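For reference, the structure discussed in these notes is given below.
What follows draws every value from the coordinates through simple rules; no lab data is involved. Please read all numbers here as calculations on a predicted model, not as lab measurements. Positions of Cβ are backbone-derived with ideal geometry, glycine not excepted, and every protein chain shown enters the neighbour counts.
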Amino acid sequence: MEKIPMTREGLVRLEDELKRLKFKERQAIIHAISDAREHGDLSENAEYHAARERQSFVEGRILELEDIVSRAEVIDITQFSGDVVRFGAWVMLADEETDEESTYQIVGSHEAEIGDGRLSVTSPLARALIGKSLGDSVEVVTPGGSKIYEIIKVDYR
């Protein structure tokens, strides 16, 4: 069984989602199905079918989260330091064309959320950054073309 690298914070977020689905969403769906059954003929009951569809989605997500959590390998990033980019690092980059700065944390694929600055370790940008050091330039091929970034800060918070 293949381990899934993850930060402690990422694992906590997934465990919280799993608890919410198991103990709150399941109960809400049970009540929705029960209420819909009281409306009579189930074959034409849209509320019943919507609740059953939601139940199917939630049960599938529960199974997926249980698998991910059981295979999670938490990487303790507090043990890392220095200027070399590794899993868990917060990396500040400057676009060499526009001088626009952006900051990302390199995390496991199941905890990535680009809007929050969490970049999947399997993404092209993260793969280009791993092993590089402060001051290095990295070239990343994106769907919009090639981009060159300079690493201006590496931090392990």
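What to note about this one:
- Here's the thing: no lysines lie within a cross-link span of K22, going by alpha-carbon distance under 17 Å and ignoring same-chain residues fewer than 8 apart.
- Listing L14, L129 from fewest to most neighbouring C-beta atoms within 10 Å gives L14, L129.
- Positive end of the dipole of the chain (Cβ unit charges, origin at the Cα centre): among Q27, H39, S56, the Cα lying farthest that way belongs to Q27.
- Partners for K3 among aspartates and glutamates (Cα-Cα distance below 17 Å; same-chain residues under 8 apart left out): E15, E64, E66, D67, E73, D76, E111
- Assuming charge only on the beta carbon of Lys and Arg (+1) and of Asp and Glu (-1), the dipole of the chain about its Cα centre is about 580 debye to the nearest 20.
- Per-residue Karplus couplings for region 151-157, computed as 6.51 cos²θ - 1.76 cosθ + 1.60 with θ equal to phi - 60°, are listed in order as 7, 10, 7, 10, 9, 10, 7 Hz, Gly and Pro entered as x.
- As a calculated quantity, the FRET efficiency between I148 and E17 at R0 = 30 Å, using C-beta atoms, amounts to about 0.25.
- Shape of the chain, Cα gyration tensor, a/c cut at 1.5: prolate
- Charges were assigned to the Cβ only: +1 to each Lys and Arg, -1 to each Asp and Glu. The resulting dipole of region 69-157 about its Cα centre is roughly 440 debye.
- Among complete DSSP H helices in the chain, those whose alpha-carbon atoms stretch at least 27 Å along the helix's long axis and whose mean Kyte-Doolittle hydropathy reaches -1.0 are 46-71.
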